[in-house]
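> One structure is given below, represented as structure tokens, and several questions about it will come after.
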Amino acid sequence: MEKGPFSVEWLAQSSRGRARPSAAALRPCSPPRDASAALPHREAADRSSPGHEAEAGGGAVSGRPRTKFSAAQLQELERSFREQRYIGASEKRRLAAVLNLSQSQIKTWFQNRRMKFKRQTQDAR
């Protein structure tokens, strides 16, 4: 393993004031030639499908934009939640196919909806 100017040893020495980075180490890294190559293939495909529009506004920067569910998607998710609060694998696959969402989005929606239900029942007491 080659010791670059920012190795553990260099950092230890620099905290004592002895080491200085070389000019090559201070040069910024060059960006990828093709910006689309930097995005994973799956993520780029997800963003172009319905139900994956990002909401306007600030907020924390995350790996993927926040999903904005349509009224029809929410209606079907709520109907399924009323029937059963915990979703099984087969129902998750069915909903994902019907609603044009990923299974992880369905799973996350159910987790969030259970927490919302828990807050609502605790507030009612």
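Derivation of every value follows stated rules applied to the coordinates shown; laboratory data play no part. Please read these numbers as outputs of a predicted model, since none were measured by experiment. Ideal geometry is used to build each Cβ from the backbone, glycine not excepted, and the neighbour counts take in all protein chains shown.
> Taking into account only those residues within segment 81-95 that are among the hydrophobic types (A, V, I, L, M, F, W, C) and surrounded by 10 or more Cβ atoms within 10 Å (Cβ to Cβ), which is farthest from the chain's Cα centre (by Cα)?
F81
> Just wondering, is there one or more residues in segment 75-97 that are touching a residue at least 40 places away in the same chain (Cβ under 8 Å), in a helix (DSSP H, G or I) and closer than 21 Å to R64 by Cβ?
No, because not a single residue in segment 75-97 is touching a residue at least 40 places away in the same chain (Cβ under 8 Å), in a helix (DSSP H, G or I) and closer than 21 Å to R64 by Cβ.
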